[in-house]
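Some notes on the structure that comes next.
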Amino acid sequence: RPEWFSTYLCEHDQEAVVNLSRHRSNGDTAGARKEAHSFYQKMMLDFEGKTSYATNLIKKADYIVVLSGAGISTPSGIPDFRTKKSGLWEKNDPMVVASLSSFLNKPMIFFNWLKPLVKDIYFSDPNAAHTSLARLERENKIKAIVTQNIDSLHQKAGSKNVIEVHGSISELVCLQCK
């Protein structure tokens, strides 16, 4: 059972969580499986309904601007910043490793923190979300993508009109030469 299933289950169906727990504590594997299957079917109907709704919105729209953040790139293997237990800020204090004052006063701390992230970004590929957005841009449905991400995966997927709010790892600027 994937982690997202458990998270979705806990957030959306407390009764199913209670029933699953009851079946498991009683050693009723078949009952637990049946409960999980029932919830999975409900979840898929919910997902299909939301997907259908989003598809209709896209079909009807004349001008779409997409806002994206770290969540779009996590399936590509790039960690986000705030997810409990795996987020980058769970492991490091951003004011220590990634602030401008830290960069100016202790640049090696910044670069030691950045190096593994750059490696993850360099070896990552766009996922289905990136390529779908690029296709919608080619079809002239999407006019721009505004992203917080620094990974350039939208561009790797083929998107042309990408506004990078935090800049990009592929283009660094010397603060003194600016």
Take the residues in the stretch 44-59 that are aliphatic (A, V, I, L, M) and closer than 18 Å to R135 by Cβ, then tell me which one is least open to solvent (accessible area, probe 1.4 Å). A54
Given (1) under 30 Å from H166 (Cα atoms); (2) out of contact with any strand residue (DSSP E or B) (no Cβ under 8 Å at 6 or more places or on another chain); (3) among the aromatic types (F, W, Y), where does Y63 come up short, assuming only one miss? (2)
Could you list, ordered by first residue, the pairs with Cβ atoms under 7 Å in which the first is in the stretch 74-97 and more than 13 Å from L117 (Cα to Cα) and the second is open to solvent by 40 Å² or more (accessible area, probe 1.4 Å) and part of a loop (DSSP other than H, G, I, E, B), at least 6 apart or interchain? E90/K84
Quick check, is A30 loosely packed, with under 10 Cβ neighbours inside 10 Å and either small (G, A, S) or not in a helix (DSSP H, G or I) (or both)? yes
K91 farther than 19 Å from I58 by Cα and of a type outside the set (S, T, N, Q): yes
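The values are calculated or read from the model by the stated rules, or taken from the named source; none is laboratory data. These numbers were taken from a predicted model, which means no experiment stands behind them. Every residue, glycine among them, receives a Cβ derived from its backbone with ideal geometry; neighbour counts consider all protein chains shown. Heavy atoms of the whole protein, side chains included, go into the accessibility calculation; ligands, DNA and RNA do not. Shrake-Rupley method; radii C 1.70, N 1.55, O 1.52, S 1.80 Å.
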